[in-house]
Structure formats: structure tokens, C-alpha cells
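Encoded as C-alpha cells, the structure appears first; notes follow it.
The values are calculated or read from the model by the stated rules, or taken from the named source; none is laboratory data. Predicted model, so just to flag it, every value in this text is computed and none were measured. All Cβ positions, even for glycine, are placed from backbone atoms using ideal geometry, and neighbour counts span all protein chains on display. Please note that ligands, DNA and RNA were not included when accessible areas were found on the heavy atoms of the full protein model with its side chains. Shrake-Rupley method; radii C 1.70, N 1.55, O 1.52, S 1.80 Å.
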Amino acid sequence: MENILYAPWRDEYVTNKKIQGCVFCHISTHTEEDLHVLYRDEYCFIVMNKYPYTPGHFMIIPHVHTDALEELDPAIWLHMTALAQKGVKLLKEGFGAQGVNIGMNLGKAGGAGISEHIHLHLVPRWERDTNFITSITQTRVYSTDFEKVYQKILGLIPKYMPKQ
Ligand SMILES: [Zn+2]
């Protein structure tokens, strides 16, 4: 069995489609529903993680392609962190999470699956979810549940992340 506890979030992202170049740049500029985007504005977008650490795991990603957080426009970083606050509220109040992990894996050595384009993880957590996660990652039941979770969170977006 795969050990999933080495980091508080998984960092891999795979789509069924062959995508040329950066996956996140592709999602940034495409609107197909099967990309599972939750939110977009002029600075960033939010997308479900296809291989979630827990159900409801999503990522806040700047449109600008960069592998260096330290070089990101501070205004965009501030915007992302403001969205992260709203995302935490959405996960706790709207989605019933008892805790949340937020974080970034920077660089391949930092555990980033897609290291060329930085992304901020939000992972909802529940008491004793480790056992639950272990059992579901072995069977990967996500193909149907993933869609349900996506629709659920998508429905919460207008309330918790209203467009200005
Ligand atoms: Zn990119």
C-alpha cells in the first residue's frame, strides 16, 4: 500500500486528456466542464485536485505561469491568500470540514507534482479521516464521488466567493 502520510496533501494532477505543455496554463485558458474549475477571476482560478488527498481537495492557482513564489507579484499572492481564507470558510461551514490543511509544494524537491506552475492546496480534514482515506485510496472510488463533490463545492462558490 502506498504511504500517503508523508505530506499533508497529495501533489499529483493527471487528466484523461493529453495536454500539451503546462496543465495549469491549459486550465487557465480553457473552459470545458471536465476540467473541474470552481472559480475564475482576473488573477487566478480554483480547480479540484483530480487525485484528492481528501474529498473536496482543491487548488488556488495564479494565471501567470511561474515556478517561483518569491517572484510572483505580491498583489496576486495577497489575492490568493484572501481567496484561501474564503476557501477555508467554505470548506468548514459549507462542506462540513473539521479542519483544513493549506500549503504549497515548491519545486520537485519540495514534492511538487507540477513544479513549473505554483499552486496553493486546500485540503479539508475530518477527525480520524486517516483511516477513511487509507481505505478509499486503495479502491480509488473517485470517478463518481469526485463529480458529486465537485458539484457540491461548485454550488457553494457563489456564497463564499462572490465576484466583486
Ligand atoms: Zn503554467
Tell me, which residue of segment 92-102 that is part of a loop (DSSP other than H, G, I, E, B) and without any contact (Cβ under 8 Å) to a residue 60 or more places away in the chain is nearest to the chain's Cα centre (by Cα)?
-> Ala97
Condition met for Asn105 (more than 19 Å from Ile157 (Cβ to Cβ) and assigned to a strand (DSSP E or B)) = no
Looking only at segment 39-78, count how many residues are in contact with a Lys or Arg (Cβ under 8 Å, 6 or more places away or on another chain) and open to solvent by 50 Å² or more (accessible area, probe 1.4 Å).
-> 1
Filtered residues of segment 24-44 (kept if within 16 Å of Pro158 (Cα to Cα), out of contact with any strand residue (DSSP E or B) (no Cβ under 6 Å at 6 or more places or on another chain) and within 16 Å of the ligand (Cβ to nearest atom)) | Arg40
Restricting the search to segment 110-156, which residues are part of a helix (DSSP H, G or I) and modelled with pLDDT of 90 or more?
-> Val149, Tyr150, Gln151, Lys152, Ile153, Leu154, Gly155, Leu156
